[in-house]
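For reference, the structure discussed in these notes is given below.
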Amino acid sequence: MNRTLTAFIKKELTQTLRDVRMRALLFGAPIIQLTIFGLALSTEIKNIKLAVVSQPGDAVFGRVADSFYASGWFVRVGCAPGEDPYELIASGRADAVLLAPKEGLARSAERGDGKMQLLVDASNSTKARAVEAYSKNIIAAAAAREYGARGEPALKFDVRVLYNPAMESSMFLVPGVMGMLVCLITIILTAMSLTREKEMGTFETIVSAPLSDAEVLLGKTVPYILLGLADAALVVLAGYLIFGVPVRGPLWQLALAALALVVNTVSIGTFISTVARNQQQAMLGGFMFLFPAILMSGIMYPVENMPKAVIAAAYLDPLMYFVRLIRNIMLKGGDAYVLWTNLGALALMAVFAAGLAYKRFRQTLN
Amino acid sequence: MNGFNFHRAYSIARKEVMHILRDPFTLTLALGLPVMLVTFFGYAIDYEVRNIRLAVSDRDNGPAARRLKEVFSSSGYFRLVEPGPAGPVEMLDSGRAAAAVFIEPDFSKKIKGGGQAQAQFVLDGSDNSKAAAITGYLPGIQRAAQAKLAAQTIKEPFSAETRFLYNPELNSRWFIVPGLAAIIIGLLAILLTALNVAREWENGSMELLLSTPVRPLEIITGKLAPYGALVLAGVFFVYLVSRLVFGVPFEGSHLLYLAACLLFVTAALSQGLLISVITRQQQVAMQFSMITGLLPSMLLSGFIFPVESMPAFFQYLTMLLPPRWFMAAARGITLKGADLAELAVPFLALGLLSAGMLALAIKKFKTDLE
């Protein structure tokens, strides 16, 4: 490699990493975010506040209620006698209220139509759905216990979850979060730091230096490619050490995928910087790209479930290919078909994005 | 020289508005982001996961196996696909199927004989967006299959009838779209102010401004008010789209909603100001805002992931975050029609946090001058 360029890259790296706050943010923030994702967030609904309204002396209903609390999904909320159950939900003190039939559950069950009522706060529709599903299972089990199982169920599913048998959310999230963080850091940093030079007027100094256009571009972008890769490695390492998220595929595949993504994102960041006139614009422009890219990537919502037009747009999203790649490599051990199709698409996009960024960059230089 | 002079604050605000208007790019993006978010969450994302590709390995080919397959395909959630020559597990490996079901050769015989038949259901645990949904659908599938396969239906001695309050059809848009206001305020108010004020420090114009007779409080008010208005415009836009396009109900008081918005905007603007005073550099300010502003709004506020499901430590931590309280207030007002008495806790918390944040920002701003 040419010596001027190496020196240039070194200078850029030192400049970015000189600020202690920047170092903390670049390397500390991903760890904080990963911890939040891994520890705090889970799609499993827990601690549902349940109140029960029973008739005096209804032992069967009492046992049904107990099995709700014993299930671990529900926490007990007291309900004063004569209190309006709707008021309990309206005030947010309870998420759900289980009401016994007027004559008591024991009596009505013997007649064969024990109908309880379950009031559910559906202002959170996902939670409401989970509450209903849990309740159905708990009540069916309680009914079988009270009155004996009425015949074996004809069908039983033997469910196995591949690649993540315990359904741990950290396993789910680490690969996706890695892609998201790398995108976020590289796009916004690249865009903002290049725009900053323009804002401060130091860009002219660089232009007047004896460097070719390509050298200027490489000198300004390679540091961010390196930083992006370092962050990617950091997230994978932290995921492995803190949460035990495995890397089942070969590391070179992982590195190649990360490199292809980072070249894409740094090019996009460069492109944004050629359009933006100040750092505020660069930041907003970055988000304008990042939000749809993250939402369409399949990290949080399955792509196949989206309307056709959005799916078509998702094929232009580098993050989508990366998420497919990374999940396959880290959790499934790498599949040749997935690797080469997605890596190929990502590489193609990288070449195109880098070319476009170079062209725009030259125009702004001159 | 003492006291707050509205005229001077107004002049600063007017200058700021001119700055914003002179920069149509920023203005477009600042208003474009809310539009994009609303469209995405309202239109593109359907929380009920459908079109799950299910590879079926049917080694029975009997009538019961056929009925089981019908149950899967008629549920509306699954799309059955033939496994390739390499088999269903290979399809999971390569991601061409998200789940697979294996039906044993004697499946129909067992069902016919009145015994219990098993089917193995294997799913891809590498994709969180689908796996959770699939496991959620299975009990329903099992019940439906039970009814179709068994000779006589099992009558339960008791059951519960569920009534969904406030959102009887469980429309996820009603749940997500009202929460978007929190994201938009979190994003725009914190990031824009942090960057904008940090820029003044960065290029030294803050010192210039401070050497004029304008008092610090007037500068703050003048600088923040236009951004507050910009953010509220974004929220208003989200409100219009959610009401007119997505038909999200609004049960409560608009005045109360506005009050909640104003409180949260105050907290967010103060936070942005505080960040800018601490960092004084746009890039650092941006990163700081992301971590203390945007991410908590999106992830720890209950927007998608319920706060009650978090571990105890994080539940306490979220109490320090204004977006959590705003989210509770916004959803309570829009969907439940809650009044101030019912929302006393969120409003009190929001008020306290806003006041605290504002006091902190002003104090830091003033001490930095001396």
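The values are calculated or read from the model by the stated rules, or taken from the named source; none is laboratory data. Computed from a prediction, not measured in an experiment: that's the story for all the values here. As a convention, Cβ positions derive from the backbone with ideal geometry for all residues, glycine included, and neighbour counts pool all protein chains shown. We work out accessible area using only protein heavy atoms, side chains counted, and drop any ligands, DNA or RNA first. Shrake-Rupley method; radii C 1.70, N 1.55, O 1.52, S 1.80 Å.
Computed values, structure above
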read-out	value
Those residues of region A:306-317 which are in a helix (DSSP H, G or I) and open to solvent by less than 20 Å² (accessible area, probe 1.4 Å), in sequence order	A:V310, A:A314
Residue ID - farthest from the other protein chains (Cβ to nearest Cβ), chosen from residues in region A:34-50 that are of a type outside the set (D, E) and open to solvent by 20 Å² or more (accessible area, probe 1.4 Å)	A:T35
Failed item, numbered, when B:T279 is tested on (1) farther than 30 Å from A:S169 by Cα; (2) more than 8 Å from chain A (Cβ to nearest Cβ); (3) among the β-branched types (V, I, T); (4) buried (at least 19 other Cβ atoms within 10 Å of the Cβ)	(2)
Those residues of region A:332-351 which are in contact with a Pro (Cβ under 7 Å, 6 or more places away or on another chain) and either assigned to a helix (DSSP H, G or I) or open to solvent by less than 20 Å² (accessible area, probe 1.4 Å) (or both), in sequence order	A:L346, A:M349
Residues being closer than 13 Å to A:K49 by Cα, outside any strand (DSSP E or B), within 7 Å of another protein chain (Cβ to nearest Cβ) and not aliphatic (A, V, I, L, M) - total across region A:95-131	1
Residue among B:V277, B:V284, B:V245, B:V265 that is among the β-branched types (V, I, T) and closer than 19 Å to B:T39 by Cβ	B:V245
Hits in region A:182-205 - residues which are in contact with a helix residue (DSSP H, G or I) (Cβ under 7 Å, 6 or more places away or on another chain) and open to solvent by 20 Å² or more (accessible area, probe 1.4 Å)	A:L184, A:R196, A:E197, A:E199, A:F203
Residue match in region B:18-39 (condition: over 27 Å from B:I176 (Cα atoms), in contact (Cβ under 8 Å) with a residue 60 or more places away in the chain, open to solvent by 10 Å² or more (accessible area, probe 1.4 Å) and away from chain A (no Cβ under 12 Å))	no
A:M1 being over 28 Å from the mean Cα position of the chain (by Cα) and modelled with pLDDT under 85	yes
Inter-residue pairs, beta-carbon under 7 Å, first among the β-branched types (V, I, T) and surrounded by 15 or more Cβ atoms within 10 Å (Cβ to Cβ) and in region A:64-81, second part of a helix (DSSP H, G or I) and at pLDDT below 90, 6+ apart	A:V64/A:L105; A:V64/A:I139; A:V64/A:A142
Answer residue from region B:96-131, given it is among the polar types (S, T, N, Q) and facing chain A (nearest Cβ under 7 Å) and is most open to solvent (accessible area, probe 1.4 Å) among those	B:Q118
Filtered residues of region B:251-266 (kept if part of a loop (DSSP other than H, G, I, E, B) and open to solvent by less than 30 Å² (accessible area, probe 1.4 Å))	B:G252
Residue match in region B:260-278 (condition: at pLDDT 85 or above and over 30 Å from B:D368 (Cα atoms))	yes
From the options B:I219, B:I183, residue that is over 30 Å from B:G113 (Cβ atoms), in a helix (DSSP H, G or I) and more than 26 Å from the chain's Cα centre (by Cα)	B:I219
